[in-house]
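The values are calculated or read from the model by the stated rules, or taken from the named source; none is laboratory data. The model shown is predicted, which means the values in this text are computed figures rather than measured ones. Cβ placement follows ideal geometry from the backbone for every residue including glycine, while neighbour counts extend to all protein chains displayed. Ligands, DNA and RNA are stripped out before the accessible areas are found, and what is left, the full protein with its side chains, is counted by its heavy atoms. Shrake-Rupley method; radii C 1.70, N 1.55, O 1.52, S 1.80 Å.
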Amino acid sequence: LAVLTTSTRDALVDQCVSLSGANSTGGDGEDIVSYEWRIGNGAWSEEGPTLELSFDEPTEDDGLEVSLRVTDGAGNSGVATVNISVSHQAPVANIGALVNGEAVGGDQVWLASGGVLTLDGSSSTTPVPAAAFLCPAEAEQALPAVAIGEYLWDLDSDGEIDETGVEIELPAAVAPDEFTVTLTVVNEVGSEGTATIDVSVV
């Protein structure tokens, strides 16, 4: 009986995935004498009861098939298979707001006529799970976060980019108004994240 366990089935690019067939059992008390592994449609390769993999590209929607074939001392074999999905790191956008230089919280900003609104995207991040390591996993070298390369601001909800940069300052408000600001951050592998705040000028 082949038993295949894996540290994750949803991995990030370059994340180390640890696989184990150590819980496999032979028939009629026989010992397992061979552990063979196959990645996708590749050839079987005898690697021992454990295997570590990392992937340098995202997989298709249904993931990549990894198979384990075990053989016991009597020549009996069993196969187990898992599908591992791999994706790029995705950033999370976050908008910080300052009114006349003072930080304000929440996703609704109230701005008095004549006030100056500064928007800051520097707290946007590309989060990486704490247990995501580079291979070999036992070294516990954290998977580095992909840097954010672009900060794109849509100031009037028309789908067009009005400003770029980590921090922008809007002209002083002169009349009552309501508008939504959308920040789109793009990291260096092209993944995007967005955040919005609503602004009311009173």
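Quick one: count up the residues across region 186-202 that are of a type in the set (S, T, Y), within 23 Å of T118 (Cβ to Cβ) and open to solvent by less than 50 Å² (accessible area, probe 1.4 Å).
1
Of a type in the set (A, V, I, L, M), closer than 18 Å to A11 by Cα, part of a strand (DSSP E or B) and open to solvent by 70 Å² or more (accessible area, probe 1.4 Å) - does that describe any residue in region 83-92?
Looking for residues that are of a type in the set (A, V, I, L, M), closer than 18 Å to A11 by Cα, part of a strand (DSSP E or B) and open to solvent by 70 Å² or more (accessible area, probe 1.4 Å), one finds at least one in region 83-92, hence yes.
Here is a list of conditions, (1) over 14 Å from the mean Cα position of the chain (by Cα); (2) over 24 Å from S54 (Cα atoms); (3) open to solvent by less than 50 Å² (accessible area, probe 1.4 Å), and L134 meets all of them except one; can you say which number that is?
(2)
Would you please list the contacts, defined by Cβ atoms under 6 Å and residues six or more apart or on different chains, that run from a residue in region 65-83 that is over 13 Å from W44 (Cβ atoms) and β-branched (V, I, T) to a residue that is modelled with pLDDT of 95 or more and surrounded by 18 or more Cβ atoms within 10 Å (Cβ to Cβ)?
From residues that are over 13 Å from W44 (Cβ atoms) and β-branched (V, I, T), the pairs are V82/L4; V82/V66.
Considering S157, S124, which residue is touching a Phe, Trp or Tyr at 6+ places or on another chain (Cβ under 9 Å) and at pLDDT below 95?
Details: S124 fails: at pLDDT below 95.
Sole residue among the options that is touching a Phe, Trp or Tyr at 6+ places or on another chain (Cβ under 9 Å) and at pLDDT below 95: S157.
For region 11-48: of the residues being charged (D, E, K, R) and under 16 Å from S67 (Cα atoms), which is surrounded by the most Cβ atoms within 10 Å (Cβ to Cβ)?
Among those residues, the one meeting the criterion is E36.
Just give me the residues in region 55-82 being polar (S, T, N, Q) and either surrounded by 14 or more Cβ atoms within 10 Å (Cβ to Cβ) or out of contact with any Leu (no Cβ under 9 Å at 6 or more places or on another chain) (or both), in sequence order. Break it down into steps so the answer makes sense when it comes.
Residues of region 55-82 that are polar (S, T, N, Q), as a first pass: 59, 67, 71, 76-77, 81.
Listed by number, the residues that qualify are T59, S67, T71, N76, S77.
E167 - would you say it is open to solvent by 30 Å² or more (accessible area, probe 1.4 Å) and either within 27 Å of N100 (Cα to Cα) or more than 21 Å from the chain's Cα centre (by Cα) (or both)? Write out each step before concluding.
Values: open to solvent by 30 Å² or more (accessible area, probe 1.4 Å): yes; either within 27 Å of N100 (Cα to Cα) or more than 21 Å from the chain's Cα centre (by Cα) (or both): yes.
Considered against the rule, which asks whether it is open to solvent by 30 Å² or more (accessible area, probe 1.4 Å) and either within 27 Å of N100 (Cα to Cα) or more than 21 Å from the chain's Cα centre (by Cα) (or both), E167 comes out as yes.
So, in region 172-197, exactly how many residues are without any contact (Cβ under 8 Å) to a residue 40 or more places away in the chain and not hydroxyl-bearing (S, T, Y)?
3
Which residue pairs have Cβ atoms closer than 9 Å, lie 6 or more positions apart in sequence or on different chains, and pair a first residue in region 88-114 that is modelled with pLDDT of 95 or more with a second residue that is surrounded by fewer than 13 Cβ atoms within 10 Å (Cβ to Cβ) and of a type in the set (S, T, N, Q)?
Close Cβ pairs (under 9 Å, with a partner that is surrounded by fewer than 13 Cβ atoms within 10 Å (Cβ to Cβ) and of a type in the set (S, T, N, Q)) amount to N94/S122; N94/S123; I95/S123; G96/S122; G96/S123.
Output the strands (runs of 3 or more DSSP E) that fall wholly within region 1-69 and possess 3 or more residues being more than 22 Å from the chain's Cα centre (by Cα) and not basic (K, R), or say none.
The qualifying strands (runs of 3 or more DSSP E) are 32-39.
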